[in-house]
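**Q** What follows is a single structure, and I will ask about it in a moment.
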Amino acid sequence: MPTPSMEDYIEIIYNLLEKKGFARVSDIAEKLSVHPSSVTKMVQKLDKDDYLDYEKYRGFILTSKGKKIGERLVYRHELLEVFLEIIGVEKENIYNDVEGIEHHLSWNSIDRIGDLVRYFKSDEDRVKELRKVQDETENNQD
């Protein structure tokens, strides 16, 4: 299993490859706010662990193992964003909150959150009921 740091790199590489068709060290460094030399070291580690194929000065691509994990990491990230939106987290907090929690949840927890998201999305009245509870809670705190 990749470490949380490796997951961050795989997720960004996966997203860049999906959007642009390529991922450059400079793009990854910018997204993660790290030095390009740090990206190169991690790319070499990901290559060694068979998450990507790297050729010096030529670039890299995700292996089937890396792509599978990348897809799952993007799914996890997007699911958590939807979940936080459903439960009423303010939009400006969602991205940072997801970044803060995504590596600390088991895949079993992610699957159960997926169940909750499906539950709420299958009947809009459920979200309305949740909002009522939240409004009551806020009114009681005033």
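The values are calculated or read from the model by the stated rules, or taken from the named source; none is laboratory data. These numbers come from a predicted model, not from an experiment. Neighbour counts are summed over all protein chains in view; Cβ atoms, including those assigned to glycine, are modelled from backbone coordinates with ideal geometry. Ligands, DNA and RNA are excluded from the accessible area calculation, which covers all protein heavy atoms including side chains. Shrake-Rupley method; radii C 1.70, N 1.55, O 1.52, S 1.80 Å.
**Q** Give the residue that is nearest to Leu73 (Cα to Cα), with candidates limited to residues of the stretch 1-59 that are in a helix (DSSP H, G or I) and among the polar types (S, T, N, Q). It would help to see each step written out before you state the result.
**A** So the first thing to find is which residues in the stretch 1-59 are in a helix (DSSP H, G or I), and the list is 4-20, 25-32, 36-48.
Of the ones still in play, those that are also among the polar types (S, T, N, Q) are 5, 15, 26, 37-38, 40, 44.
On the way: Ser5: 12, Asn15: 10, Ser26: 21, Ser37: 24, Ser38: 21, Thr40: 21, Gln44: 20 Å.
Out of the qualifying residues, it is Asn15.
**Q** Is there any pair with a first residue in the stretch 94-111 that is more than 13 Å from Asp8 (Cα to Cα) and a second that is in a helix (DSSP H, G or I) and polar (S, T, N, Q) whose Cβ atoms are under 9 Å apart and which are 6 or more apart or on different chains, and what are they?
**A** Partner pairs satisfying both residue conditions: none exist.
**Q** Right, another one. Quick check: anything in the stretch 84-91 under 14 Å from the mean Cα position of the chain (by Cα), touching a residue at least 60 places away in the same chain (Cβ under 8 Å) and either surrounded by 17 or more Cβ atoms within 10 Å (Cβ to Cβ) or closer than 27 Å to Trp107 by Cα (or both)? Walk me through how you get there before you give the answer.
**A** Residues of the stretch 84-91 under 14 Å from the mean Cα position of the chain (by Cα): 84.
Filter once more, so that each one left must be touching a residue at least 60 places away in the same chain (Cβ under 8 Å): none.
So far as the stretch 84-91 goes, no, none of its residues is under 14 Å from the mean Cα position of the chain (by Cα), touching a residue at least 60 places away in the same chain (Cβ under 8 Å) and either surrounded by 17 or more Cβ atoms within 10 Å (Cβ to Cβ) or closer than 27 Å to Trp107 by Cα (or both).
**Q** Hey, Thr137 hits all of (1) closer than 19 Å to Leu16 by Cα; (2) surrounded by fewer than 16 Cβ atoms within 10 Å (Cβ to Cβ); (3) at pLDDT below 95 but one; which does it fall short on?
**A** (1)
**Q** Keeping to the stretch 1-56, report how many residues are open to solvent by 60 Å² or more (accessible area, probe 1.4 Å), touching a Ser or Thr at 6+ places or on another chain (Cβ under 9 Å) and in contact (Cβ under 8 Å) with a residue 24 or more places away in the chain.
**A** Matching residues across the stretch 1-56 total 0.
**Q** Within the group Ser64, Ser33, Ser106, which residue is on the phi > 0 side of the Ramachandran plot and within 19 Å of the chain's Cα centre (by Cα)?
**A** Details: Ser64 fails: on the phi > 0 side of the Ramachandran plot; Ser106 fails: on the phi > 0 side of the Ramachandran plot.
Result: Ser33 is the single residue among Ser64, Ser33, Ser106 that is on the phi > 0 side of the Ramachandran plot and within 19 Å of the chain's Cα centre (by Cα).
**Q** Given (1) free of Cβ contacts under 8 Å to residues at least 60 places away in the same chain; (2) closer than 27 Å to Glu11 by Cα; (3) touching a helix residue (DSSP H, G or I) at 6+ places or on another chain (Cβ under 9 Å), where does Arg126 come up short, assuming only one miss?
**A** Single failed check for Arg126: (2).
**Q** Out of curiosity, is Asn93 in a helix (DSSP H, G or I) and in contact with a helix residue (DSSP H, G or I) (Cβ under 9 Å, 6 or more places away or on another chain)? Before the answer, list the steps.
**A** On the way: in a helix (DSSP H, G or I): yes; in contact with a helix residue (DSSP H, G or I) (Cβ under 9 Å, 6 or more places away or on another chain): yes.
Yes, satisfied.
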